[in-house]
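Trainee: Structure provided below as structure tokens; questions to follow.
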Amino acid sequence: MTEHGNSADTPVSGRPHRHHYDAEMLSVEEARERILSYFSRLSAMESPLVDALGQVLAEDLVATFDIPPLANSAMDGYAVIAADPADAPPDSPVELAVTGSVAAGQLPDHPLAHATAIRIMTGAPLPENCDAVVPFEDTDELERQSSAGSPANISIRLATGPGDNIRAAGEDVEAGTVVLTSGVVLRAGEIGVIASLGRNTVNVVRRPLVAIVSTGDELLQPGEEHRPGKIYNSNAYSIASMVVKYGGVPNILGIARDTVESLETVLEEALVTADLVVTSAGVSKGDYDVVKDVLASKGEIALWSVRMRPAKPLAFGMLERGDGKKVPHLGLPGNPVSAMVAFEQFGRPALRLMMGKAAVEKPSVEAIMDHPIHNHDGRRVYARVFVYRDESGVYRARSTGNQSSGVLSSMAQANGLAICPDDVGMIDKGEIARVEMLDWPDDIF
Ligand code: AMP
Ligand code: MG
């Protein structure tokens, strides 16, 4: 991408007149493409296993030994030589002398001789000569069970073949095999596999550190006493939650007042460690919208109108740190729903790229609308909906209520954002809309 030099990114420092910020109108895809061109995969770090959940593996993992390391029993039962009870019919069981027992974690202390059996537990290594295990349920184990431990003899009621109920050495993974390749996303299964190799740490692409700055003279931090004319800062918390959800590490910084000095002070703190700075508010046309002024004075700036509803105003720039390193800054709109919807569209893919993942779109479903979605000014509408399956298993989406960009409660009730394209005036009740799922349908109850 070589978008950096275009007019939207041209520095306008030193001339803080509002008309210089006249925002270019971009589609969601155009804005996303421009923003994402500034992001790439972060460095790798060693992480404890469970902390690495959802991160991208940054090494190839090779098994240095067979898993399982020894052939072992798949059942609780009796280790036998398969030929001994080979023809055992249920009505004339074959009786074998029991010569010992072996539990998981032990090693057998003697080989198996013909016409004998060794009691064996699941996962225990096979005694020498053993080529089959007969599960307890195919013996008279229960009838013979006593407090004295293993019975002296056991009757086998079922014909047995070589290999029955045996797990071969290396059945899971053979020594020398590449078990997991650099680039895969670690889920529970992968993390289990890494542990099975004996590793308690793993190299992964590190998590992005995201500094979150809220701006606005009206804001109080949750926990502070309520005062007239003030509202609580909700954006920092919804944004931090999305950062965690998408694999980053949020750092909620203090509230910047609506002055350039205050914002610069907080940003300075934000820039110390952050891989991404996210601000909310201060990017629209109001008198005290200082985020755009500060970005403008810092060099590379882009201020766009994105053809979407909610979240039309959006700022993006590169903030310069003391050491000259540039840190991307995503300036979200202030309205709580706008901030969230814009973070889903622009912050989420940026985090994914930093984590070494593909910037794939949110999963979506097609759903029949229970309510219409109106689009009266040619912007893509993201309508807050709840997706459910009707009696015939078809996805339907109902509006979660007031769609004003300040109404966060209808976002809280939504599990998806139903889309009306920018060039479609309305999706009527009964028509099909694509719904970007905030939560994947598995989570719908
Ligand atoms: P602004 O972008 O500054 O014009 O803010 C737009 C709207 O969002 C105003 O009603 C603000 O009070 C509200 N707002 C701004 N920041 C926050 C925040 N951190 N939490 C909740 N609401 C906010
Ligand atoms: Mg404001």
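The values are calculated or read from the model by the stated rules, or taken from the named source; none is laboratory data. On a predicted model such as this, the values are computed, not experimentally measured, just so you know. Here the Cβ is made from the backbone with ideal geometry for all residues, glycine too, and neighbour counts use every protein chain on show.
Trainee: Name the residue that is surrounded by the fewest Cβ atoms within 10 Å (Cβ to Cβ), counting only residues in the range 192-227 that are in contact (Cβ under 8 Å) with a residue 24 or more places away in the chain and basic (Lys, Arg).
Mentor: Arg199
Trainee: Right, next: For the range 63-107, name all the residues that are assigned to a loop (DSSP other than H, G, I, E, B) and among the aromatic types (Phe, Trp, Tyr). Don't jump to the end; show me each part of the working.
Mentor: To start, the set of residues in the range 63-107 that are assigned to a loop (DSSP other than H, G, I, E, B) comprises 63-66, 68-71, 74-76, 81-93, 103-107.
Of everything in the range 63-107, just one residue is assigned to a loop (DSSP other than H, G, I, E, B) and among the aromatic types (Phe, Trp, Tyr), namely Phe65.
Trainee: For the range 204-227, which positions are more than 16 Å from ligand 1 (Cβ to nearest atom) and either part of a helix (DSSP H, G or I) or in contact with a Leu (Cβ under 7 Å, 6 or more places away or on another chain) (or both)? Reasoning before the result, please.
Mentor: Filtering the range 204-227 for residues more than 16 Å from ligand 1 (Cβ to nearest atom) gives 204-209, 225.
Passing the criteria: Val204, Val205, Arg206, Pro208.
Trainee: Among the numbered criteria (1) over 16 Å from the mean Cα position of the chain (by Cα); (2) within 13 Å of ligand 1 (Cβ to nearest atom); (3) among the aliphatic types (A, V, I, L, M), which one does Leu267 miss?
Mentor: (2)
Trainee: Hey, among Ala358, Ala367, which residue is touching a residue at least 40 places away in the same chain (Cβ under 8 Å), away from ligand 2 (no atom under 16 Å from the Cβ) and over 27 Å from Tyr237 (Cβ atoms)?
Mentor: On the way: Ala358 fails: touching a residue at least 40 places away in the same chain (Cβ under 8 Å).
Matching residue, one of Ala358, Ala367: Ala367.
Trainee: Those residues that are closer than 20 Å to His376 by Cα, surrounded by 17 or more Cβ atoms within 10 Å (Cβ to Cβ) and either free of Cβ contacts under 8 Å to residues at least 12 places away in the same chain or not aliphatic (A, V, I, L, M) (or both), I need them from the range 401-445; list them, please.
Mentor: If the condition is that a residue be closer than 20 Å to His376 by Cα, surrounded by 17 or more Cβ atoms within 10 Å (Cβ to Cβ) and either free of Cβ contacts under 8 Å to residues at least 12 places away in the same chain or not aliphatic (A, V, I, L, M) (or both), then Gln403, Ser405, Cys420 are the ones that fit.
Trainee: Hey, can you tell me all the residues within the range 244-281 that are in contact with a Gly (Cβ under 7 Å, 6 or more places away or on another chain), in a loop (DSSP other than H, G, I, E, B) and within 16 Å of ligand 2 (Cβ to nearest atom)?
Mentor: Correct list: Asp258, Ala281.
Trainee: Now, a different point. Please specify each residue of the range 239-266 satisfying the condition of being among the aliphatic types (A, V, I, L, M), without any contact (Cβ under 8 Å) to a residue 60 or more places away in the chain and within 21 Å of Leu303 (Cα to Cα).
Mentor: Let us first name the residues in the range 239-266 that are among the aliphatic types (A, V, I, L, M), namely 239-240, 242-244, 249, 252-253, 255-256, 260, 263, 266.
Now drop any that are not without any contact (Cβ under 8 Å) to a residue 60 or more places away in the chain, which leaves 240, 244, 249, 252-253, 255-256, 260, 263, 266.
Result: Ala256, Val260, Leu263, Val266.
Trainee: Look at the range 393-436 and say how many of its residues are in a helix (DSSP H, G or I) and under 19 Å from Gln345 (Cα atoms).
Mentor: Residues of the range 393-436 in a helix (DSSP H, G or I): 409-412.
Still in the list and also under 19 Å from Gln345 (Cα atoms): 410-412.
Qualifying residue count, the range 393-436: 3.
Trainee: Does the range 187-203 contain at least one residue that is in a loop (DSSP other than H, G, I, E, B) and within 16 Å of ligand 1 (Cβ to nearest atom)? Outline the logic, then answer.
Mentor: The first filter runs over the range 187-203 and keeps only residues in a loop (DSSP other than H, G, I, E, B), leaving 187, 197-200.
Filter again for within 16 Å of ligand 1 (Cβ to nearest atom), leaving none.
Taking every residue of the range 187-203 in turn, none turns out to be in a loop (DSSP other than H, G, I, E, B) and within 16 Å of ligand 1 (Cβ to nearest atom).
Trainee: May I pose another question? Which is in contact with a helix residue (DSSP H, G or I) (Cβ under 9 Å, 6 or more places away or on another chain) and within 26 Å of Ser405 (Cα to Cα), of Leu219, Leu180, Leu186?
Mentor: On the way: Leu180 fails: within 26 Å of Ser405 (Cα to Cα); Leu186 fails: within 26 Å of Ser405 (Cα to Cα).
Exactly one residue qualifies, and that residue is Leu219.
Trainee: Another question, if that's okay. Tell me, please, whether a residue that is in contact with a Lys or Arg (Cβ under 7 Å, 6 or more places away or on another chain), charged (D, E, K, R), buried (at least 19 other Cβ atoms within 10 Å of the Cβ) and under 17 Å from Asp164 (Cα atoms) can be found in the range 115-126. Talk me through it step by step, then tell me what you get.
Mentor: Initial filter on the range 115-126 (in contact with a Lys or Arg (Cβ under 7 Å, 6 or more places away or on another chain)): none.
The answer is no; no qualifying residue exists.
Trainee: When you look at Lys230, is it surrounded by fewer than 19 Cβ atoms within 10 Å (Cβ to Cβ), modelled with pLDDT of 95 or more and away from ligand 1 (no atom under 16 Å from the Cβ), yes or no? So that I can check it myself, show each step before the final result.
Mentor: Numbers: surrounded by fewer than 19 Cβ atoms within 10 Å (Cβ to Cβ): yes; modelled with pLDDT of 95 or more: yes; away from ligand 1 (no atom under 16 Å from the Cβ): no.
No: the conditions fail for Lys230.
Trainee: For Ala175, indicate whether it is buried (at least 17 other Cβ atoms within 10 Å of the Cβ), part of a loop (DSSP other than H, G, I, E, B) and at pLDDT 95 or above.
Mentor: Numbers: buried (at least 17 other Cβ atoms within 10 Å of the Cβ): no; part of a loop (DSSP other than H, G, I, E, B): yes; at pLDDT 95 or above: yes.
Against the criterion (buried (at least 17 other Cβ atoms within 10 Å of the Cβ), part of a loop (DSSP other than H, G, I, E, B) and at pLDDT 95 or above), Ala175 does not qualify.
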